[in-house]
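What follows is calculated from the coordinates using simple rules that are stated; it is not laboratory data. Not measured: the values here are computed from a predicted model. We place every Cβ from the backbone using ideal geometry, glycine too, and count neighbours over all the protein chains shown.
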Amino acid sequence: MLLLLAGTRHFYGERLPRWTWIALGFTALTLYGWGIVNPQYSAGLLWVSAFMAAMLSHHFYTVWRHDHESFAARLMLVVLACMVVWMLARAVTAPSLPAGADLFDPSPLQSLYIGGYAFALMTMTVGCILLMFERLRQIDVLGRFGGAGFMAAVLPATVQGRQVAEGIRASRSSQPGLPTCSVSIGMATLAGPIGHQPTQTVLDRLIAEADHALYDAKTAGRDRAAVYTPLLAA
């Protein structure tokens, strides 16, 4: 959850406030005390639920300050608000748990909370992906292609397409203390009319050329955008 908050703040050009790391460290110490030194599941659950509600509330506030008009932002705001209520309800019901209860005790309430949280987290992840569309223009199209790849149809020119690609690459998460990642992008250009060629054949060739450029970007050191050049590919 903290990683999602960090990613959202980075998307809007902000860093995580210091108090979030302090709260995370204090929560870890608290869980160690109530989970190992003096096991008290209900007390630990109360604190973790309150901590999660605080993080989610801050996430809600971050998104609201920057955008509450687009569909992606509204989706995230609705999910975040529901998750805040979910965590607060979890905190309120924590003291009523029977003595000796733990996370794996089967109960309808436990299943409801865990299932609801998992569904909300998945939906919020979809909202984060939809925010990526805001890095593109209205005439561009973004979609998932393959297991870990995404494909974008960027119009009308390679120069503008490269600017969009560099904007996406530069927007990757680089928060201090978080895992770093690289973004490699391959581009190909469809110039001129396709004539009598079947559309599928043209698309297959264009995808293959973009894939070749992606391979060039990776072999050149990764974390860069490359344009397909027939002379280099020959």
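Each label was represented as a point 7 Å from its Cα along the Cα-to-Cβ direction; for Ile129 and Tyr12 these points are 2.3 nm apart. Applying 0.36 nm per residue to the separation of Val85 and Met1 and subtracting their alpha-carbon distance, the gain on full extension is 28.7 nm. Residue order for Tyr61, Tyr228, fewest other beta carbons within 10 angstrom first, comes to Tyr61, Tyr228. Using modelled backbone amide H atoms (1.01 Å from N, in-plane), which distant-in-sequence or interchain residues come within less than 5 Å of Ala225's amide H? Those lying under 5 Å, H to H, from Ala225 are Ile185.
Each residue of region 52-68 is assigned a 3J(HN,Hα), and the resulting list reads 5, 4, 5, 4, 5, 5, 5, 4, 4, 5, 4, 5, 4, 4, 9, 6, 9 Hz, derived from the Karplus form 6.51 cos²θ - 1.76 cosθ + 1.60 (θ = phi - 60°), x at Gly and Pro.
Would you mind getting me the FRET efficiency between Trp21 and Thr201? Use the beta-carbon distance for r and R0 = 35 Å, nearest 0.05.
On the way: r = 54 Å, r/R0 = 1.53.
Calculated transfer efficiency: 0.05.
What does the net charge come to around Thr62 if you take all other residues with beta carbon closer than 9 Å to its beta carbon, with K and R at +1 and D and E at -1? Could you put the intermediate results ahead of the total?
Working: positive: Arg9, Arg65; negative: Glu14.
Here the charged neighbours net out to +1.
Taking a Cβ cut-off of under 13 Å around Ala188, the surrounding Lys, Arg, Asp and Glu residues balance to a net charge of -2, with basic ones at +1 and acidic ones at -1.
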